[in-house]
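What follows is a short report on a single structure.
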Amino acid sequence: MSFVLHKNGGLEYMTAENIAVRHAFTTRRGGKSRGIYSSLNLKIHSDDDREAVRENYAIICRELGTRPERLVFSKQVHSDTVRVVTEKDCHRELFSEVPYEADALVTAEKDLPLVIFVADCIPILLWDPLTPAAGAVHAGWRGTVRNIAGKAVSEMCRSFGSKPDNIRAAVGQGISFCCFETGDEVPEALRALLGAEAEDYISPKGEGKHMVDLKGANRLLLEKSGLLPENIEVSRECTACGSDKYWSHRATRGLRGVNGAFIII
Ligand SMILES: [Zn+2]
């Protein structure tokens, strides 16, 4: 079992066995939000009750031994921008605007919690136990075909001196091969990046529709960036199949909160 479910009170979250520092892939269970946001909603700019969202952050931060005002997160825009973050990037007021866009965060600072948000997109946590250093990656299909995962690994190597064969990766819960149906644009972009190797992650459904395996493609991209296959864990859970447990954009038709992926060295 490569991912483990943790329960504390009502809170439920997953961890990956290959990452030995504080981290979490949150579910929608164990928060204070109500209605369509029930219950562990981490979406900040929504019409959810702000006090409930604050409480939700307090719950997960308490579990991870940190505080909401320490969190580092970005405005996610499906880019391939990797940001090296430090103490200066702590988002001290939860509801204030994030001043920068990025879809991957990397750091070598201890006790600095990195967070990315997903609701079907693929969350990837990176950990280099030697440097040490960490990364958190938001990989939807646009980020995947821009190789955001590989670029985050490269940035850890460039900025912190990480070696790819020391880096552990956990590709967390996201929409899977069973549910990620696309038009031609996703397979075409994947082929542009991976050539013939892309075919392993594409299954034609006819009439211009395809099923695409984003988690598998990200595993390949991490291997191509130098990670050892045995250092990569991939969650089998699909957020769209498991929308009672995780926030899923597709399963809820967009009426939803977000899951968070957290890591702290
Ligand atoms: Zn599914």
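Quick note: the coordinates plus some simple rules give every number you see, no bench work behind them. Quantities reported herein were computed from a predicted structural model and do not represent experimental measurements. Positions of Cβ are backbone-derived with ideal geometry, glycine not excepted, and every protein chain shown enters the neighbour counts.
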Inset, instruction - Please state, as a whole number in µm²/s, the translational diffusion coefficient that the Stokes-Einstein equation yields for the range 1-151 at 4 °C and 1.567 mPa s, with Rh defined as the Kirkwood radius across alpha carbon pairs. - result: 82 µm²/s
Legend entry - GNM top mover of GLU69, GLU181, GLU230 - the chain, alpha-carbon springs below 10 Å: GLU230
Inset, instruction - Give the distance, in whole Å, between the Cα centre of the range 7-55 and the Cα centre of the range 214-235. - result: 26 Å
Inset, instruction - For every helix of n ≥ 4 consecutive DSSP H residues, a contribution of -39,500 (n - 2.57) applies; sum these over the chain, divide by its total residues, and give [θ] at 222 nm rounded to the nearest 500 deg cm²/dmol. - result: -6500 deg cm²/dmol
Inset, instruction - Based on the mean of other Cβ atoms within 10 Å per residue, sort peptides 192-204, 51-63, 114-126 so the most packed one is first. - result: 114-126, 51-63, 192-204
Legend entry - Bins of 5 Å, starting at 0 and running to the largest distance - Cα pair percent for the range 151-233: 3, 15, 22, 20, 17, 12, 7, 3, 1, 0
Legend entry - For the range 17-28, 3J(HN,Hα) per residue [Karplus equation, 6.51 cos²θ - 1.76 cosθ + 1.60, θ = phi - 60°, Hz, x = Gly/Pro]: 5, 8, 10, 9, 9, 4, 6, 6, 10, 7, 10, 8
Legend entry - Candidates THR81, THR26, THR182, ranked by Gaussian network fluctuation over the chain, Cα under 10 Å, top entry: THR182
Inset, instruction - In whole Hz, with x marking every Gly and Pro, tabulate ³J(HN,Hα) for the range 127-144 from phi via Karplus 6.51 cos²θ - 1.76 cosθ + 1.60, θ = phi - 60°. - result: 9, 10, x, 7, 4, x, 7, 8, x, 9, 10, 9, 10, x, 5, 5, x, 4
Inset, instruction - Quick one: dipole size for the chain, taken about the Cα centre, charges +1 on Lys/Arg Cβ and -1 on Asp/Glu Cβ, in debye to the nearest 20. - result: 540 debye
Inset, instruction - Mind counting lysine pairs for me in the range 1-114? Cα separation below 22 Å, and the two need to be 8 or more apart along the chain or on different chains. - result: 6
Inset, instruction - For the chain, restrict the atom set to alpha-carbon positions and state the Rg and Dmax in Å. - result: 17.3, 50
